1. Within the stretch 65-80, can you find the residues that are farther than 24 Å from residue 125 by Cβ and surrounded by 14 or more Cβ atoms within 10 Å (Cβ to Cβ)?
2. Out of 286, 255, 224, 228, which single residue is modelled with pLDDT of 80 or more and surrounded by fewer than 17 Cβ atoms within 10 Å (Cβ to Cβ)?
3. Report yes if some residue within the stretch 306-313 is out of contact with any helix residue (DSSP H, G or I) (no Cβ under 9 Å at 6 or more places or on another chain) and outside any helix (DSSP H, G or I); otherwise report no.
4. Checking residue 119 against (1) within 55 Å of the chain's Cα centre (by Cα); (2) free of Cβ contacts under 8 Å to residues at least 24 places away in the same chain; (3) over 20 Å from residue 46 (Cα atoms), which test does it fail?
5. So in the stretch 18-64, with the set limited to residues that are touching a residue at least 12 places away in the same chain (Cβ under 8 Å) and in a loop (DSSP other than H, G, I, E, B), which one is nearest to residue 127 (Cα to Cα)?
6. Mind listing whichever residues of the stretch 267-281 are crowded, with 16+ Cβ neighbours inside 10 Å and within 14 Å of residue 339 (Cα to Cα)?
7. Of the residues 198, 216, which is modelled with pLDDT under 80 and closer than 16 Å to residue 241 by Cα?
8. Here is a list: 188, 156. Which entry is part of a helix (DSSP H, G or I), within 39 Å of the chain's Cα centre (by Cα), surrounded by fewer than 18 Cβ atoms within 10 Å (Cβ to Cβ) and modelled with pLDDT of 90 or more?
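The values are calculated or read from the model by the stated rules, or taken from the named source; none is laboratory data. In this text the structure is predicted, and so the values were computed from the model without any measurement. Backbone-built Cβ (ideal geometry, glycine too); neighbour counts: all protein chains shown.
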């Protein structure tokens, strides 16, 4: 790796940290869509669900009129008034226009008995129908439907930040960063150089444009053989990937394939499911799966408590918003759990793992046997027929050293000098004692 690439990596790592820009944009989108869904989509959706179920029908509808007023408001009236209201269109509900048998109001406007013929606060939905009893049902959307609005807003905010450029998108940056993190994991798990990992995860069209010699050299590091007339993309995707799967594990191969899909997302952010799979399978599920499972159990416990309180009559039937809160909370938790399970990698079968361990042990055993043979050969040379030769050469070297005049003179001179030094040292010590 040259100096230029080394200097570029810290800059890239710094750019791939979550900054205030991504967080502010994500939170802004989340708040905007939450308000939008809560004020528009939730009332409309609840009205489309409730009104068809509890409006008058059959013989009852032949006796009375049932019309829609301004906004998400429906009410029953007489046949004559119903015809006039339909002709005029766009009329606000009022006490003198309705007979109070059926009233459906999903607006955020307050109502009073004197002007409208019924009472509700601004942040309440009002439902009255003979089908559900004499008393009206008051729904509190802040309590009952806030979680549903938050779910919808979160999904849309996450999706939009997936397709945004990395410098603006919250999820885009997480996906992009996970690509590099997974490359690093592959490199550490396999021991391949960074250049080889790049080729293993490279999209097919880019691989076709690479220099063939460079690709062949990288492939040789994975499998010690050259490719002859084989298509390099086919060789990598079938032969080489199978080799990696057999030698390492299914999980390593899955990391390589998902990282390759992540690089396709990096080029085109609209391929959201390719980036989503990489992030969910190799980061979110590994780090947060237990948290999601715990939240799902916590939501179930909350729902049980809510239903129990309702059974004890502490929650009136006319105000079921707390029950709706518990239901939508558990729905959200179970939805998160299901998505987490979908992207959780399956564990490798035990028999396959044992077979790979057995093959690895066989390879190590063969290597040890080869080393044992080499050591045996070396030992035979040292202690076999060459022993007498070595012995004679050692004896000859010792005798030459002892019979050499130069060596004898050097040894005598060293002994004399040692004696002189010892004598001087003793005389010096005796003078100090006196």
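1. Within the stretch 65-80, just 78 meets the criteria.
2. Only one candidate qualifies: 286.
3. Yes, because at least one residue in the stretch 306-313 is out of contact with any helix residue (DSSP H, G or I) (no Cβ under 9 Å at 6 or more places or on another chain) and outside any helix (DSSP H, G or I).
4. (3)
5. The selected residue is 55.
6. 276, 277, 278, 279, 280, 281
7. Numbers: 198 fails: modelled with pLDDT under 80.
Matching residue, one of 198, 216: 216.
8. Values: 188 fails: modelled with pLDDT of 90 or more.
Residue meeting the stated conditions: 156.
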